[in-house]
Amino acid sequence: MNGTLRALTPREASIFACFIDAVVGPAPKLPPVGETDAVAYFDDWMVRSPRLNRIGMRGLLYVIELSPLLTARRRLRRLDRDARTDWLAAVQRNHNPHLRLLWKLVKGAAQLAYYGDDRVMITIGYDADANLRRGRELRASEGRP
């Protein structure tokens, strides 16, 4: 949310960052959402998406922001973490299969954006550079191109 957004508005970026925080609930060892490239990744993904997909995802972001008004009387970004977590759990338990499917779509995007950050991946034990290095060494030792 540093002014380099190309597809998202600052408000949409803020909604998505808040949603990521609620979905992944970074543990003490993991970096806060604001210290990752999660929102920048999502913004880039939106830039590369077809226009209709961008419109639909934008609509979902605003639904996510406003829907807690129905039960918690506050927008998502105005809820504290515990209240956001409770609201998200209620959405997951909803009996409407369409709502649950949309929830999974946005939740998956949030998880991909957060856990795809290099610092997060290294913190949880995945080092892409080390894996690439090992793969290249193995190919070289086996004489493969």
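The values are calculated or read from the model by the stated rules, or taken from the named source; none is laboratory data. Note that this is a predicted model, so its numbers are computed, not measured. Glycine gets a Cβ as well: all are built from the backbone with ideal geometry, and neighbour counts include every protein chain shown. Areas reflect the complete protein model, heavy atoms only, side chains present, ligands, DNA and RNA absent. Shrake-Rupley method; radii C 1.70, N 1.55, O 1.52, S 1.80 Å.
Annotations
- Scanning residues 5 or more positions from Arg74 or on other chains, those with amide H under 5 Å from its amide H are Leu69, with H placed 1.01 Å from N in the peptide plane.
- Charge dipole (the chain, unit charges on Cβ, about Cα centre) - positive-most of Val23, Leu70, Trp87: Leu70
- Backbone N atoms of region 15-36 closer than 20 Å to the 7 Å Cα→Cβ label point of Asn94 belong to residues 15-25.
- Working note: Debye formula, equal point scatterers on the alpha-carbon atoms of region 54-140, no solvent; log10 I(q)/I(0) at q = 0.15 Å⁻¹ is -0.70.
- When a 1.4 Å probe is rolled over the protein heavy atoms, the share of accessible surface on the chain that falls to carbon and sulfur comes to 55 percent.
- For Asp37, solvent-accessible area (1.4 Å; no DNA, RNA or ligand), Å²: 70
- Crossing angle, helix 97-115 versus the chain [Cα axis fit, 0-90 degrees, rounded to tens]: 40
- Computed from point charges on the beta carbon alone (+1 for Lys and Arg, -1 for Asp and Glu), the dipole magnitude for the chain about its Cα centre is near 520 Debye.
- Computed [θ] at 222 nm, helices only, for the chain once each DSSP H run of length n ≥ 4 contributes -39500 (n - 2.57): -20500 deg cm²/dmol
- Lys/Arg +1, Asp/Glu -1 at C-beta; the chain dipole; positive extreme among Ala128, Leu101, Ser49: Leu101
- Across the chain, the longest run free of exposed loop sites, meaning trypsin sites (Lys or Arg not before Pro) lying outside DSSP classes H, G, I, E and B with no more than 16 other Cβ atoms within 10 Å, spans 76-145.
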